[in-house]
Every structure is written in C-alpha cells, then in structure tokens.
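Reviewing the structure listed below.
What follows is calculated from the coordinates using simple rules that are stated; it is not laboratory data. Just so it is clear, the structure is predicted and the values come from calculations on it, not from any experiment.
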Amino acid sequence: LALTGTASAATTVADVGHRGASAYAPENTLASFRLAKTRHADYFELDVQQTKDHKLVIMHDATLSRTTNIEKVYPHGSPWRVRDYTLKQIKRLDAGSWFSSKYKGERVPTLDETLNAMQGKLKLLLEIKNPSLYPGMTSRIATDLRAHPYWLGTGRLIVQSFEWSSLKTFHKLLPSVPLGVLGTPTTGQLPAVAKYARYVNPTYKDVTSGYVKSVHKRHLKIFVWIVNDRTTMRRMIGYGVNGIITNRPDTLRSVIRG
Ligand code: G3P
Ligand code: CA
C-alpha cells in the first residue's frame with residue numbers, strides 16, 4: 001500500500017544530480033555534469049563563485065585545495081581561496097586527478113562554458129555560493145544568464161542560495177527565474193519566502209510529512225538534499241517532495257521507476 005501511495009508522486013519527482021553525478025565523477029566539472037545526463041538526471045546542480053578578476057567559476061568550497069591540485073601548482077598560496085586567484089591561474093589547475101586518474105586534466109569550468117556545454121541537455125539548479133564574499137557576483141550571474149537566453153526559457157533553470165538576501169536581489173534583476181531558498185524556513189517564515197521564491201530546499205534531515213504539507217499549502221515546491229540511499233529516497237517520495245538532490249541520480253531514477 002505504501003508503494004502504491006507513492007507511485008503517482010514518484011512520477012513527478014525531479015531527479016537532481018548534486019554537483020553533477022558526483023558519486024562517480026569529480027564534482028562541479030563538465031565531466032560530472034555530462035555524466036549526470038548519462039545517469040538519467042533531470043537537473044544538474046552546481047555552485048558558482050568568483051575569481052580575483054571577477055570571473056564566474058564552478059566550485060563548491062571557498063578554497064581550491066580539496067578539489068584541485070593547487071597546492072602543487074602554487075605551493076605558497078595558502079589558504080588557496082578562489083577569490084585570490086585569476087581565472088587564468090585557476091585554468092592551470094587539474095580538477096579531476098584528486099577524484100581518479102581517469103579524470104586527469106579536467107578543468108574548473110566557468111559558468112559561461114557550462115551554460116554553453118549543457119544547453120539542451122539537462123535542466124539546471126544553480127546555487128549562488130557565498131555571495132557575501134563576492135560583491136557584485138549576484139548581478140554578474142544575472143548578466144551571464146541574460147547572455148544565454150536559452151536558460152531563461154520556461155522550466156529550464158532554478159536559482160538557489162543559502163543567502164536569501166542575494167535571492168531577493170536576483171529576483172529584482174531577473175524576476176522570471178524561479179528561486180529556491182536553501183535551508184529550512186520555519187512555517188511562520190513561509191509567507192515571506194513565497195513573495196520571491198517558488199522552492200524551499202532543506203536538508204532531508206529536517207523534513208517530515210507535515211513540513212512538506214506546510215510548504216505545499218503556501219504553493220511552494222520542495223527539493224531535499226542530499227539523499228543517496230534508496231530507503232531515504234522512498235521515504236521522501238512518500239512525503240510528496242517535488243525533487244531530490246543526490247550524488248547518485250541513477251539510483252534515484254531506478255527508485256522512481258520502481
Ligand atoms: O543543492 C543543495 C546543496 O548543494 C546544498 O549544499 O553544501 O552541497 O552546496 P552544498
Ligand atoms: Ca550546492
């Protein structure tokens with residue numbers, strides 16, 4: 001009965017590849033985004049940050065050391081912050097070898113390269129990462145998106161951030177793009193959130209069936225993160241979430257297909 005109850009919801013759950021298909025390829029690289037498509041995601045998720053020369057690059061951490069070989073290339077550059085390096089310097093880095101020798105030579109992509117490479121392939125969940133560290137980044141992202149009008153077509157893009165003030169700024173710049181607040185707003189905060197956002201995207205750990213109902217009551221959708229196991233995927237689908245962000249989009253696809 002539980003499975004029957006989830007069947008119709010399951011068909012509408014969005015499968016979002018977190019940092020691409022990051023269980024199988026180096027996160028936030030073009031290889032990872034392309035693999036998310038191969039592994040049957042609907043969306044790929046990425047994190048945007050800004051270089052010293054104000055270029056938009058795809059990187060999760062505020063520093064480059066975990067997911068590139070920067071400590072070898074610039075041994076005296078500690079703490080290797082994204083904001084302290086130019087795009088030219090960052091392009092010298094290998095963003096694949098830390099994950100597997102198979103991905104040696106993979107580069108840190110720019111937002112522009114990613115928008116070009118993934119056009120027509122998957123939908124995009126774009127996270128504005130750490131905007132308070134990067135004055136002007138939110139409006140640069142809007143400008144970059146305007147230069148790629150494909151992504152502004154209905155249903156192709158959601159923009160999210162943990163910094164809700166950045167979303168309010170973005171909403172004024174590109175009001176047609178649906179926004180998602182990352183985190184877990186209280187039910188009392190939902191009416192204010194609904195004024196500019198269409199999605200609430202919390203950790204699955206905070207989510208109950210009642211919380212999903214409260215979000216839906218405000219005509220908001222809910223994408224939960226980061227769910228990598230089948231049991232939790234099934235539980236979230238049973239709660240009626242609209243999307244699941246996962247490092248394993250193929251696993252989620254097989255759960256959805258039953
Ligand atoms: O998409 C949700 C998720 O990406 C938020 O956490 O740390 O992976 O950016 P984080
Ligand atoms: Ca993210």
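Assorted remarks:
- DSSP bridge orientation in the chain - percent antiparallel, rounded to nearest 5: 15
- Entries in K88/K195; K37/K88; K102/K221; K102/K168; K104/K172 that, when Cα-Cα distance is taken, lie over 32 Å: K88/K195; K102/K221; K102/K168; K104/K172
- Integer Hz, Karplus 6.51/-1.76/1.60 couplings in order for region 192-200, x for Gly and Pro: 5, 4, 5, 5, 10, 10, 10, 10, 10
- When region 103-258 is reduced to its Cα atoms, the Kirkwood hydrodynamic radius in Å: 16.7
- By the Cα gyration tensor, region 192-258 has an equivalent ellipsoid whose semi-axes, rounded to whole angstrom, run 22, 11, 10 from largest to smallest.
- Amide hydrogen neighbours beyond the local backbone of W225, cut-off 5 Å, H modeled: T203, Y204, I245
- Mean projected area (nm²) of the alpha-carbon convex hull when region 40-145 is viewed from all directions: 7.0
- Tail fraction, Cα-Cα pairs, region 128-187, threshold 14 Å, whole percent: 54
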